[in-house]
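Structure, as structure tokens:
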Amino acid sequence: MSQKLNKAKQPLKGFRVLSAEQYGAGPYGTMFLAQLGADVIKIEPPKGGDTARHVGPHWLREQESLYFQSFNLNKRSLTLDLRSDEGREILHRLAKDAHVMANNLRGDVPAKIGLDYASLKDVNPSIVCAHVSAYGRDNERAKWPGYDYLMQAEAGFCALTGEPDGPPVRFGLSMVDFMSGTQMAVGLLAALLDAQRSGEGCDIDVDLLSAAVHQTSYPALWYMNENDVTQRIPRGAHPSATPSQMFKAADGWMFVMAQIPKFWPILCDKIGHSELIDDLRFDTAPNRLTHRAELGKILDDIFIRHPVQYWLDLLQGLMPIAPVHGLDQALDNPWLDTIGMRDTISHPDRPEMDVLSSPIKVNGERLPNRAGPLLGQDSDDILGELGYSADAIGDLRSKGVV
């Protein structure tokens, strides 16, 4: 698969992105840019590097975690002390010919260490400075540390997740981080297009809390305009469409979604209960919602009679239905190989390392992957490209600048 992937067109080839990034949100967003062909230079502190390198429990080598690979494929690593004068000089030399300076540092830090547009516009007027922070850079929370789980809590996600009689539940994954990084990438690409036309860069800001609140979407508008507070519904059901929820089959769970009216008669016919189509309790979407509990009980009694695969064979392709997989089942699903969503690449410590492919296709091809860099792996090459001699690089290293 990797050979085929390497033929993919990469629309961002020739663009350089500098990124002072750590952990999840920023690195996730810039990984898309790297897979699309941008030269993403990951700037890391000389001592320890990105915090993500130290997240266990699975390791490729001492201080090199498998976790780190999740967010840093296709990048180069430069160790650089951005708080030192010599480090800032190197940053400016890099920024002169770069297109983007990204970071996901605490909101008050970018201006202090010179990563915002005000600090870099004299070096490169067209540079785009993209920032992901917990709470933003322009308010009294700018100095606050913050993480995905806090945003899920404060933005209402936890209160909306789980069973009605249970405690609040966070998502199983850090979706606020991932969406914030993706939104940063969208914003910086738009600004990059404008900078190519106008010659003028700018600051792009995304904060995790704003991204989380924005994802409350239609329940937010329902509340803001109608004072309708969306509540948790059993089995992860849709708040206003039914049947659209998890059902228990004889050997496991599945999600069945007669989400729009045309799927209701298909469901009833295929499961052998066409009499439900015109049942006055269920003949319209509003009536089905009113009688949700009764309908759920009827369908429970039907679905429990056969295993999940029976219902999938009966309904898949005709209406929306999917098995509720465990993570192992989800990743071992042969369909991922069919669509090319798993890839195998080489890492110095693991000649065959399995990774996920980019969800983006260009001309029908998945984008290429290569392993995330070892800490400082590319420092000498990058500094050499800037004109530093081997002796000068050695001197910088001895001072702890790189």
field: Cut-off of 10 Å, at most 12 other beta carbons, DSSP loop: longest stretch of the chain lacking such GluC sites (Glu not before Pro)
entry: 141-402
query: Given a 1.4 Å probe and every protein chain left where it sits, what share in percent of the accessible area of the stretch 147-217 is carbon and sulfur?
result: 64 percent
- prompt: Which whole-number percent of Cα pairs in the stretch 234-324 have a distance greater than 18 Å?
  reply: 35 percent
Accessible-area order (highest first, 1.4 angstrom probe) of the listed residues S358, S398, S70: S398, S70, S358
Residues whose placed amide H lies under 5 Å from that of G49, excluding near-sequence neighbours: none
Contact order normalised by residue count of the stretch 311-402, Cα under 8 Å, 6+ apart, percent: 14 percent
Share antiparallel - DSSP beta bridges, the chain, percent rounded to 5: 45 percent
message: So if I take the centroid of the Cα atoms in the stretch 277-341 and the same for the stretch 150-193, what is the distance between those two points in Å?
response: 26 Å
- request: Can you tell me the relative contact order of the stretch 234-324? Whole percent, Cα pairs under 8 Å, sequence separation 6 or more.
  value: 36 percent
Global geometry of the stretch 229-281, whether rounded, prolate or oblate, following the gyration tensor of its Cα atoms and the 1.5 cut on a/c: oblate
query: Separation between the M246 and I260 pseudo-spin-labels, each 7 Å from Cα along Cα→Cβ, expressed in nm?
result: 2.7 nm
message: For Cα Rg over 2.2 N^0.38 Å, one of [x] 1.17; [y] 0.92; [z] 1.02 was computed from the structure I shared and the rest are decoys. Which label?
response: [x]
query: What is the magnitude of the charge dipole of the chain about its Cα centre, with +1 placed on the Cβ of each Lys and Arg, -1 on the Cβ of each Asp and Glu, and no other charges, expressed in debye to the nearest 20?
result: 400 debye
query: Where the accessible area of the stretch 234-324 is counted over protein heavy atoms with a 1.4 Å probe, how much of it, in %, is carbon and sulfur?
result: 60 percent
task: For the chain, calculate the relative contact order in percent as a whole number, restricting contacts to Cα pairs under 8 Å that are 6 or more residues apart.
output: 20 percent
field: Gained length - D194 relative to Y223, 0.36 nm times residue gap less alpha-carbon distance
entry: 6.8 nm
query: For the chain, what is the accessible area per residue in Å² when the probe is 1.4 Å?
result: 50 Å²
field: Cut-off under 5 Å, modelled amide H: who pairs with D205 long-range
entry: H131
- line: Violations at 18 Å Cα threshold for listed pairs K42/K96; K47/K399; K13/K121 -> K13/K121
message: Using C-alpha positions alone, give me the convex hull volume of the stretch 5-121 per residue in cubic angstrom.
response: 109 Å³
query: Using r as the Cβ-Cβ distance of T230 and K361, and R0 as 45 Å, what FRET efficiency do you calculate, to the nearest 0.05?
result: 0.85
field: Accessible surface, 1.4 Å probe, highest first, among residues L173, L331, L80
entry: L173, L331, L80
message: Given a 1.4 Å probe and heavy atoms of the protein chains only, how would you sort Y135, Y147, largest accessible area at the top?
response: Y147, Y135
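The values are calculated or read from the model by the stated rules, or taken from the named source; none is laboratory data. Bear in mind that the values here come from a model prediction, so they are computed numbers and not experimental data. Note: ideal-geometry Cβ built from the backbone for every residue, glycine included; neighbour counts use all protein chains shown. Just so you know, the surface numbers come from the protein's heavy atoms only, side chains and all, with ligands and any DNA or RNA stripped out. Shrake-Rupley method; radii C 1.70, N 1.55, O 1.52, S 1.80 Å.
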